[in-house]
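The values are calculated or read from the model by the stated rules, or taken from the named source; none is laboratory data. For clarity, every value in this text was computed on a predicted model and none was experimentally measured. Glycine gets a Cβ as well: all are built from the backbone with ideal geometry, and neighbour counts include every protein chain shown. For accessibility, only protein heavy atoms count, side chains too; no ligands or nucleic acids. Shrake-Rupley method; radii C 1.70, N 1.55, O 1.52, S 1.80 Å.
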Amino acid sequence: MAVNSLSLEQVKDLFVFISSHMIESKDMLTHADQAIGDGDHGIGMARGFEAVAEKLDSGDFSSVADIFRSVGFTLLASIGGASGAIFGSFFIGASNGLKDCSKLDSPAFARCLQAGLEMVKIRGKAKVGDKTMVDALEPAAQAAQANKEKSLDEITLLTSQAAESGKENTKNLIATTGKAKTLGERSLGHPDPGAISMSLILRFTHEHIQGLSNEM
Amino acid sequence: MIKKIINNPKKVAEEALHGLNLAYQGKTILLSNASAIVKTTIHDQKVALLVGGGSGHEPLFAGFVGTNLADGAVCGNVFAAPSPDQILAATQAVNRGKGVLYLYGNYAGDNMNFDIAAELATAMDIPTKSIRIWDDVASAPLEKIEERRGIAGDLFVIKIAGASASSAANLEELTRITTKARDNIRSMGVAVSPGSIPETGEPTFEIGEDEIEIGMGLHGEPGVAREKMMPANVLVDVMMEHILTDLPFVAGDEVCLLVNNLGATTMMELLIANTRIREILADKEISVYDTLVGSYCTSQEMAGFSISLMKLDNELKKYYDMPADSLALIKR
């Protein structure tokens, strides 16, 4: 059966699921970053989502937006570096799209991706084509916007696919920001580590919701 | 796995800062929640100077906290900028009512985290200004100077800013002088072997046994060229050409010179390089007011060195001459 919305408690479970899978992705992300950056992306993301898992375990949350905001501030504080600022800003921004939401449904999901994208662009000043996580996030936000009438399993599948293809496309781009920018053409052939993380977060989101759907 | 004398790879930044604070013999306080150190005594109404960035470049940044130097330093994990809440805590600790100047290397992570902290500080009625150091001529062309990285030239900017902060009337005055120092500095580095991040235990880049990277960045970012190994004099000629033509430094100029070890290069090699640097400067009729040779801004066990020059004028010279006292820079 299709899942149409997540309750506050289910959104918390979603982040528990994302956190454990991001922590498991540590070595893969580190290797991706060694090819193109300074090799600390996996360490930082794992540290961040370990902190998120602890926060979820200990915290009481008043709303869906509150969970997103807490995840954002926790990532901001625990990752550090460019990744902390960007992924922290993404979730803090995303919470702005969820004001007054008692549950996370497809229109809210579309708004939250769009609001997160806007915050990331303000903070990082990156646009599509700069070989950053925006290359995965912007097509995902657009896919969500175009499919907000669909069920939550469908919309998360489509956003995950859009992010994945955006991430794959970063292999064909030359880095213009971050520590990879001086690689120039040597950055070709390697996907951007931030785009990988963004597409993973959206993939794990879909996998978790698919799992709920299968249980129903 | 590269050998390092450590305890827990996840705690190197924290344990190093703890040891650094102890070495200050009570002149600094450790803010352990913020991974920062601040001077024990900062007098009222002083315009504050906060420096910071990723760890792994010791003694930069925390080694330059002290008299007529930085009031505090906030340290991230190895090669990762500190987070906004760390920076904000350090900001509150050094602020004496006159505001805080943030001074840090120009990297995306540092820029974003210090910007967020500045917004949070503003909301708490603490005025801040930010100066990003971009002295590395190898990292972008001159017309894109705002994209250049900050490397060992950080030391000279901190020296001038720290001296200026001790007497500056306000944050604007400190910002003006520090900006002038930043804009008068040019640097370039080379590497013959990589450093490594303790938590991964792996080198940050690969380079052949017989190769050298000219313009290598502080985190292993690629430079302008990868060449076969060459004699020191030939190498210094190439580096000095890039540095001198960029500002440009011209006959009659007076400069401070820093020959900086990136981690694993011997003092002997630095001194051999210095001989050639001085020959070139003498030939160009550029006089050297002061020379520093040693490990000031490193990249773990990276082997290589960098050259930094700061062109002086009377105002900068006045601040350069002021005594300074810190763990890694003492000037009498």
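Data table
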read-out	value
B:SER193, sole failed condition from (1) in contact with a helix residue (DSSP H, G or I) (Cβ under 9 Å, 6 or more places away or on another chain); (2) buried (at least 17 other Cβ atoms within 10 Å of the Cβ)	(1)
Residue in segment A:80-92 that is free of Cβ contacts under 8 Å to residues at least 60 places away in the same chain, touching a strand residue (DSSP E or B) at 6+ places or on another chain (Cβ under 6 Å) and surrounded by 24 or more Cβ atoms within 10 Å (Cβ to Cβ) present	yes
Residue satisfying condition, being out of contact with any Pro (no Cβ under 9 Å at 6 or more places or on another chain), surrounded by fewer than 19 Cβ atoms within 10 Å (Cβ to Cβ) and closer than 21 Å to B:LEU60 by Cα, within set B:THR275, B:THR291, B:THR265	B:THR291
Top-ranked residue in segment A:29-72 [being of a type in the set (Ser, Thr, Tyr), assigned to a helix (DSSP H, G or I) and more than 10 Å from every other protein chain (Cβ to nearest Cβ); ranked as nearest to B:SER196 (Cα to Cα)]	A:SER70
Search result, residues across segment B:153-185 that are over 12 Å from the mean Cα position of the chain (by Cα) and either buried (at least 24 other Cβ atoms within 10 Å of the Cβ) or closer than 20 Å to B:SER139 by Cα (or both)	B:ILE160, B:ALA161, B:GLY162, B:ALA163, B:SER164, B:ALA165, B:LEU174, B:THR178, B:THR179, B:ALA181, B:ASP183, B:ASN184
Where B:ASP85 falls short, out of the listed (1) more than 18 Å from B:LEU218 (Cα to Cα); (2) outside any helix (DSSP H, G or I); (3) acidic (Asp, Glu)	(2)
Lone unmet requirement of (1) out of contact with any helix residue (DSSP H, G or I) (no Cβ under 6 Å at 6 or more places or on another chain); (2) modelled with pLDDT under 95 for B:PRO222	(1)
Those residues of segment A:1-38 which are more than 21 Å from A:THR132 (Cα to Cα) and among the hydrophobic types (A, V, I, L, M, F, W, C), in sequence order	A:MET1, A:ALA2, A:VAL3, A:LEU6, A:LEU8, A:VAL11, A:LEU14, A:PHE15, A:VAL16, A:PHE17
Matching residues in segment B:105-150 - criterion: being in contact (Cβ under 8 Å) with a residue 60 or more places away in the chain, away from chain A (no Cβ under 14 Å) and either part of a loop (DSSP other than H, G, I, E, B) or open to solvent by less than 30 Å² (accessible area, probe 1.4 Å) (or both)	B:ASP135
Pair list, Cβ < 7 Å and 6+ apart or interchain, from segment B:209-220 residues that are within 14 Å of chain A (Cβ to nearest Cβ) to residues that are of a type in the set (Asp, Glu) and assigned to a loop (DSSP other than H, G, I, E, B)	B:HIS219/A:ASP38; B:GLY220/A:ASP38
In segment A:176-200, the residues that are modelled with pLDDT of 75 or more and more than 20 Å from the chain's Cα centre (by Cα)	A:THR176, A:GLU185, A:ARG186, A:SER187, A:LEU188, A:GLY189
Members of segment B:72-104 that are at negative phi, within 11 Å of chain A (Cβ to nearest Cβ) and among the hydrophobic types (A, V, I, L, M, F, W, C)	B:VAL74, B:CYS75, B:VAL78, B:ALA80, B:ALA81, B:ILE87, B:LEU88, B:ALA89
Qualifying residue in segment A:136-159 (condition: surrounded by 20 or more Cβ atoms within 10 Å (Cβ to Cβ), at pLDDT 95 or above, within 14 Å of chain B (Cβ to nearest Cβ) and within 30 Å of B:GLY150 (Cβ to Cβ))	no
